[in-house]
1. Residue check: is Leu19 over 47 Å from the mean Cα position of the chain (by Cα) and either among the aromatic types (Phe, Trp, Tyr) or in a helix (DSSP H, G or I) (or both)?
2. For the stretch 143-155, name all the residues that are of a type in the set (A, V, I, L, M, F, W, C) and open to solvent by less than 50 Å² (accessible area, probe 1.4 Å).
3. List pairs: first residue in the stretch 89-117 and surrounded by fewer than 16 Cβ atoms within 10 Å (Cβ to Cβ), second residue of a type in the set (Phe, Trp, Tyr) anywhere in the structure, Cβ distance under 6 angstrom, at least six positions apart or on different chains.
4. Check whether at least one residue in the stretch 84-91 is among the acidic types (Asp, Glu), modelled with pLDDT of 70 or more and over 27 Å from Arg166 (Cα atoms), and report yes or no.
5. Which residue, of Asn140, Asn158, Asn168, is open to solvent by 50 Å² or more (accessible area, probe 1.4 Å) and either outside any helix (DSSP H, G or I) or over 30 Å from Met57 (Cα atoms) (or both)?
6. What number of residues in the stretch 3-48 are within 30 Å of Glu161 (Cβ to Cβ) and either open to solvent by less than 80 Å² (accessible area, probe 1.4 Å) or in contact with a strand residue (DSSP E or B) (Cβ under 9 Å, 6 or more places away or on another chain) (or both)?
Amino acid sequence: MKDEERIRSLSLRKVLILLAPCIAIMLIYSGVFSEVHAGITKPATRYRDVKEQFHSMHDNICAAEVYMSKNAVLTDEAAYDYDKICSYPEEAMLFINDLCENNAIETNRIRFYHEDDDEGNAEVLVSEIEFECTYECLLNFMDDVKNKGYNAAVSSVNVFELGDGRINAVVRLNFYFLN
């Protein structure tokens, strides 16, 4: 009796071992595994897309907050202290005007103020220029600052995307005049 049961269990195991690959082949051929795989990966892909959109929106909101706070700070400040303005704003203004004309940029606002160089060797005239343009125009503008050979450097750029390929940029240029 034990031998018969042992033979049956061995036969049953052999049949199951042979039957399992046949069932797997049939499931693969019929596409059941691909449907299960698609059912798992589609939600994961959707989740990744939604997560990327969320992060993009979050970055835009952060940029908008910086843009709004920057505008609020610039417009709410008291009138300029003209005694602290560097004695070379005319040259800087002509330089900025040439840059804007060469890159077809219309400025919304230009602000000048004076800072002392950390080493005390030069006067620094800082200008903040706000304008709307495309990324390409902004990059050309910054390249022109570098290539013109003037004592000017871009110290910061804040960009807010407006849509349709347009951006609002606030560029801070430092002009260095030796003492």
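1. Yes.
2. The first filter runs over the stretch 143-155 and keeps only residues of a type in the set (A, V, I, L, M, F, W, C), leaving 145, 152-154.
Of everything in the stretch 143-155, those that are of a type in the set (A, V, I, L, M, F, W, C) and open to solvent by less than 50 Å² (accessible area, probe 1.4 Å) turn out to be Val145, Ala152, Ala153.
3. Taking only residues 6 or more apart or on different chains, the pairs are Thr107/Phe131; Asn108/Phe131.
4. Checked against the condition, which is being among the acidic types (Asp, Glu), modelled with pLDDT of 70 or more and over 27 Å from Arg166 (Cα atoms), the stretch 84-91 yields at least one hit.
5. Numbers: Asn140 fails: either outside any helix (DSSP H, G or I) or over 30 Å from Met57 (Cα atoms) (or both); Asn168 fails: open to solvent by 50 Å² or more (accessible area, probe 1.4 Å).
Being open to solvent by 50 Å² or more (accessible area, probe 1.4 Å) and either outside any helix (DSSP H, G or I) or over 30 Å from Met57 (Cα atoms) (or both) holds for just one of Asn140, Asn158, Asn168, which is Asn158.
6. 3
Results for (1) modelled with pLDDT of 70 or more; (2) in contact with a Cys (Cβ under 8 Å, 6 or more places away or on another chain), shown as yes or no for each residue.
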{"residue": "Arg48", "(1), (2)": "yes, no"}
{"residue": "His55", "(1), (2)": "yes, no"}
{"residue": "His58", "(1), (2)": "yes, no"}
{"residue": "Asn103", "(1), (2)": "yes, yes"}
{"residue": "Asp118", "(1), (2)": "no, no"}
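The values are calculated or read from the model by the stated rules, or taken from the named source; none is laboratory data. Everything numeric in this text was worked out from a predicted model, so none of it was measured. Neighbour counts run over all protein chains shown; Cβ positions are idealised from the backbone, glycine included. Side chains are part of the model used for accessible areas, which takes the heavy atoms of the whole protein and leaves out ligands, DNA and RNA. Shrake-Rupley method; radii C 1.70, N 1.55, O 1.52, S 1.80 Å.
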